[in-house]
1. Identify the residue in region 137-155 that is more than 23 Å from A35 (Cβ to Cβ) and loosely packed, with under 12 Cβ neighbours inside 10 Å and, among all such residues, is modelled with the highest pLDDT.
2. Counting only residues that are open to solvent by less than 50 Å² (accessible area, probe 1.4 Å) and at pLDDT 90 or above, how many does region 169-184 have?
3. State which residue pairs qualify: first residue in contact (Cβ under 8 Å) with a residue 60 or more places away in the chain and inside region 131-159, second residue open to solvent by 50 Å² or more (accessible area, probe 1.4 Å) and part of a helix (DSSP H, G or I) in any location, beta carbons under 8 Å apart, and separation of 6 or more residues or different chains.
4. If you check L14, L67, L77, L40, which single one turns out to be out of contact with any Leu (no Cβ under 6 Å at 6 or more places or on another chain) and open to solvent by less than 20 Å² (accessible area, probe 1.4 Å)?
5. With the requirement that a residue be open to solvent by 20 Å² or more (accessible area, probe 1.4 Å) and of a type outside the set (F, W, Y), what does region 106-119 give you?
6. Can you pull out the residues in region 185-204 that are open to solvent by 50 Å² or more (accessible area, probe 1.4 Å), in contact (Cβ under 8 Å) with a residue 24 or more places away in the chain, outside any loop (DSSP other than H, G, I, E, B) and within 19 Å of S95 (Cβ to Cβ)?
7. Go over the candidates L55, L40 one by one and state the one that is farther than 25 Å from G166 by Cα, in a helix (DSSP H, G or I) and not charged (D, E, K, R).
Amino acid sequence: MQAVIIFMIISGGLGFMVWVEIGEWRKKRHLSLHARMVLLFSCILWVGGAALIGLMEWNNPATLGGLSVPGKVMASLFQSVSTRTAGMNTVDLASCGTLSKLLMSVLQFIGAAPGSTGGGVKVTTFAVIILTIRSVAQGRDDCVIAEHHIESKTVYRALTIIVLGGLAAVGSAVVVFYNTSDAVSVIDAIFESCSAFGTVGLSVG
């Protein structure tokens, strides 16, 4: 059952246009840069998020500790996929460690692909920022993705979205913590704010 739900969440998170291109791949044998970036970075976030959640919660008796090895792997993958858009959980999020909550907050902030059922700043925005950093580190004057030169205005737009989104998420977290500091920790306030910003729906209670 978890595998079926994971597939449905992934399907909704990739976006309509990506699925259209995948459907036409047999004819064209080619995917657009947008579709390739969505697929590549979505896989990185799904698998990387699952690996980190599994690593950090592996021995936590309140979350993954009591499960079998296959159960731990499936629960980690489910939570990594779900935090991008779906808002479902198979473990007690309130019992997760601070680093796990921070990781899931980042995944909720990034969100899903453009044109999908998910919110957040979008995986393509995240991809442009990461690949711009890589290009600068390589000594390039502009962002190059798969031999495509990305216009400066696209990079500036992505940076603006990240900064404004970050300010909105952090600002709302401050408000939440200020009004509920007697019952809510800082990381829980950040988690709830990122969940709301990404329209995910997860909660630590």
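The values are calculated or read from the model by the stated rules, or taken from the named source; none is laboratory data. This one's a predicted model, so the numbers in the text were calculated from it and none came from an experiment. Cβ atoms come from the backbone with ideal geometry, glycine included; neighbour counts cover every protein chain shown. For the accessible areas, the whole protein counts, side chains as well, though only heavy atoms, and no ligand, DNA or RNA atoms are used. Shrake-Rupley method; radii C 1.70, N 1.55, O 1.52, S 1.80 Å.
1. Among those that are more than 23 Å from A35 (Cβ to Cβ) and loosely packed, with under 12 Cβ neighbours inside 10 Å, it is A137.
2. Residues flagged as open to solvent by less than 50 Å² (accessible area, probe 1.4 Å) and at pLDDT 90 or above within region 169-184 amount to 4.
3. Correct list of pairs: A146/R36.
4. Working: L67 fails: open to solvent by less than 20 Å² (accessible area, probe 1.4 Å); L77 fails: open to solvent by less than 20 Å² (accessible area, probe 1.4 Å); L40 fails: open to solvent by less than 20 Å² (accessible area, probe 1.4 Å).
Going through L14, L67, L77, L40 in turn, just one is out of contact with any Leu (no Cβ under 6 Å at 6 or more places or on another chain) and open to solvent by less than 20 Å² (accessible area, probe 1.4 Å): L14.
5. Scanning region 106-119 gives V106, P114, G115, S116, T117.
6. Answer for region 185-204, where residues must be open to solvent by 50 Å² or more (accessible area, probe 1.4 Å), in contact (Cβ under 8 Å) with a residue 24 or more places away in the chain, outside any loop (DSSP other than H, G, I, E, B) and within 19 Å of S95 (Cβ to Cβ): just I190.
7. Sole residue among the options that is farther than 25 Å from G166 by Cα, in a helix (DSSP H, G or I) and not charged (D, E, K, R): L55.
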